[in-house]
Amino acid sequence: MTRRSVRLGCEKNLQPPENIEVYITDDNFTLKWNSRIETVENVTFSAVYQIPEVDDWMKLPGCQHIVVNKCHFSPLSSDVYEEVKLRIRAEKGNDSSSWSEVYSFIPFEEAQIGPPKVHLEAEDKTITIHISPPGTVDNVMWSLDVSAFTYSLVMWKNSSNVEERIETVHPGDKIYKLSPETTYCLKVRAKLLLYNKNGSYSPVCCINTTAENELPPPENLEISADNENYILKWDYAYVNATFQVQWFHGFLKIIRGTNLHKWQQIPNCEHIKTTYCIFPRKRLSKGIYYLRVQASNGNSTSFWSEEKKLNTGIYIVIPPPVISMKSINDSLRVYVNAAEGSVKQPYPLIYEIIFWENSSNVERKFLKEKNDFTIDNLQPLTVYCVKGRAHFVGEQLNKSSIFSNTVCEKTKPGNSYKIWVIAGICIAGVFILLTMYVMKTLLRCFNYVFFPSLKPPSNIDKYLSEQPLKNLLLLTSEEQIERCFIIENTNTNTIMKETNQIDEDHKKYNSQTSQDSGNYSNEDENSGSKTSEELLQLETESPEMNS
């Protein structure tokens, strides 16, 4: 048999591995496969990998020239969310099979949570549980999720098979109210609820509780709050005991490592003789805290009490808001303010506003996030009332204040009211002008009937152009007199004097009569006419006599 034929025969017997799988627990990677050439001696296996940043295939550390069907390796990159590709081949001497099909996976998706490390301490009727997260201190797989781990345990008395489950414990938590001098066993596992990953249980740990302490710890811790202070109360049967209170920030419980030294003393709650402690709310910012109390009597000191959880959000006291309003035309501007002297709330508030017209029982309700807003389109010169309360709506907490005092305000005249006022003024002006015109017309008719004019109408006046005719109807400022001439005849003079004397007397009489009666008399004219005729007659007779 030639060398070439031997080589071809070897290649024909060396088949590539198949059914490749990767198992991951914490930072421990295990690569497994199946081979169809188990009957061939001196066959080894080697694996290579490829990651997105590198185009070349690289040798997989810990998986070179392996004689069995599995190998172990560590994380290939600090990024456990990127895809990794693997392939394997069989080798014998200088000969090798073809590469297997590429197997790809994302480490974080395939990883399983390993068991945590558990250490127990017993004191009185209590067991303290110290838990270390899964993986090593510098592990890569859970480096971003250490604080997200939650832990559950299963605990039972060693003398009994009945298991008591306690969920969601934290490193450093205590299990209280156990029997003294009794052996308890437990096991713990970790969870990542965000990724729905449940780890495997730790090995079972057992511990024996100690004898009961002479001085018992305080019990039944209760927390209440008012607007400015927290009030912690507890029960204690022994007299002449003093107490001290400590607090611990909740987020420290989920930080890796021990935090027992992080407990802090609450001011004014040290060596107190009362079974309560009052401390200001502003001392603790928003968050979760744990409180504990210890009793002392002379040289004896009790163990710490059961820790009491304080969620500052639960003890929010929301005072009723103070509401004020300002009228702006046909709208109302509403201002919502905190009560004077109240503590500033660290949480955002939503305001429930109830609004109604004072003369009606129909209410309108709406929610506002801002503390000032406008209610539009209201009736002018109308009284409206408002009351409100504050709400805090959180993920695990709903709190509300009582309603504020009712505030009422009257709206001002709106633009529509101004238009009506202007229109009313215009209508009133037109009405006044029409009234004046009608009154003037009626007054003219009244004067025409009862106080006629002394001047005759024009159609009559044109026929009275001669002065004597006018004098018959009209008064004149001066009485018309006849012109007289002196005639030298003695007799005539005598007659004329007599005539003039008579005439003057007659004028005086007529003047008096005219003043008394107020009416014009034409007797003078008739008398004057007669006198004139007489004079003419005398003048005519005088020449005849002289002749």
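Any residue in the stretch 193-206 that is closer than 30 Å to residue 29 by Cα and in contact with a Leu (Cβ under 6 Å, 6 or more places away or on another chain)? Scanning the stretch 193-206, I find at least one residue that is closer than 30 Å to residue 29 by Cα and in contact with a Leu (Cβ under 6 Å, 6 or more places away or on another chain), so the answer is yes. Scanning the stretch 194-204 finds no residues that are among the hydrophobic types (A, V, I, L, M, F, W, C), within 29 Å of residue 288 (Cβ to Cβ) and crowded, with 17+ Cβ neighbours inside 10 Å. Among the residues of this structure, residue 410 does not count as one that is basic (Lys, Arg) and at pLDDT below 80. Looking at the stretch 47-66, which of its residues are modelled with pLDDT of 90 or more and either among the β-branched types (Val, Ile, Thr) or surrounded by 17 or more Cβ atoms within 10 Å (Cβ to Cβ) (or both)? 47, 48, 49, 50, 51, 60, 63, 66, listed by residue number.
Would a scan of the stretch 230-250 turn up a residue that is surrounded by fewer than 17 Cβ atoms within 10 Å (Cβ to Cβ), in a loop (DSSP other than H, G, I, E, B) and without any contact (Cβ under 8 Å) to a residue 24 or more places away in the chain? Yes, the stretch 230-250 contains a residue that is surrounded by fewer than 17 Cβ atoms within 10 Å (Cβ to Cβ), in a loop (DSSP other than H, G, I, E, B) and without any contact (Cβ under 8 Å) to a residue 24 or more places away in the chain.
Does residue 289 count as surrounded by 18 or more Cβ atoms within 10 Å (Cβ to Cβ), of a type in the set (Ser, Thr, Tyr) and touching a helix residue (DSSP H, G or I) at 6+ places or on another chain (Cβ under 9 Å)? Judged against the criteria, residue 289 is a match. The strands (runs of 3 or more DSSP E) located wholly in the stretch 274-353 that include 1 or more residues which are β-branched (Val, Ile, Thr) and in contact (Cβ under 8 Å) with a residue 24 or more places away in the chain occupy 276-280, 288-297, 322-328, 331-337. Of all the numbered requirements in (1) at pLDDT 80 or above; (2) open to solvent by 70 Å² or more (accessible area, probe 1.4 Å); (3) outside any helix (DSSP H, G or I), residue 431 misses one, and that requirement is (3). Listed by first and then second residue, the pairs with beta-carbon distance under 7 Å, at least 6 apart or on different chains, first residue in the stretch 47-59 and touching a residue at least 40 places away in the same chain (Cβ under 8 Å) and closer than 27 Å to residue 69 by Cβ, second open to solvent by less than 100 Å² (accessible area, probe 1.4 Å) and β-branched (Val, Ile, Thr), are 47/88. Screening the stretch 81-95 for residues that are of a type in the set (Asp, Glu) and not in a loop (DSSP other than H, G, I, E, B) and picking the one that is nearest to the chain's Cα centre (by Cα) gives 91.
Test residue 213 against the criterion of being of a type in the set (S, T, N, Q) and at pLDDT 90 or above, and give yes or no. Criteria not met by residue 213. Out of 70, 85, one residue alone is touching a strand residue (DSSP E or B) at 6+ places or on another chain (Cβ under 9 Å), open to solvent by 50 Å² or more (accessible area, probe 1.4 Å), touching a residue at least 40 places away in the same chain (Cβ under 8 Å) and under 27 Å from residue 138 (Cβ atoms). It is 70. If the condition is being hydrophobic (A, V, I, L, M, F, W, C) and under 30 Å from residue 199 (Cβ atoms), then the stretch 61-101 contributes 63, 66, 68, 71, 73, 76, 80, 84, 86, 88. For the subset of the stretch 159-173 comprising residues that are farther than 15 Å from residue 205 by Cβ and in contact (Cβ under 8 Å) with a residue 40 or more places away in the chain, which member is least open to solvent (accessible area, probe 1.4 Å)? Step by step, filter the stretch 159-173, then rank; the result is 172. Residues in the stretch 20-36 that are farther than 12 Å from residue 107 by Cβ and touching a Pro at 6+ places or on another chain (Cβ under 6 Å): 2 in all. Of all residues in the stretch 376-396, one or more are over 30 Å from residue 215 (Cβ atoms), modelled with pLDDT under 90, part of a strand (DSSP E or B) and in contact with an Asp or Glu (Cβ under 9 Å, 6 or more places away or on another chain). Candidates 365, 399: the one that is among the charged types (D, E, K, R) and either loosely packed, with under 12 Cβ neighbours inside 10 Å or at pLDDT 90 or above (or both) is 365. Applying the criterion of being farther than 17 Å from residue 383 by Cα and surrounded by 15 or more Cβ atoms within 10 Å (Cβ to Cβ) to the residues of the stretch 348-362, the residue that is modelled with the lowest pLDDT is 349.
The values are calculated or read from the model by the stated rules, or taken from the named source; none is laboratory data. Keep in mind the model is a prediction, meaning the values are calculated, not measured. Don't worry about glycine lacking a Cβ; one is built from the backbone with ideal geometry, like all the others, and counts go over all protein chains shown. All accessible areas refer to the heavy atoms of the entire protein, side chains included, with ligands and DNA or RNA removed. Shrake-Rupley method; radii C 1.70, N 1.55, O 1.52, S 1.80 Å.
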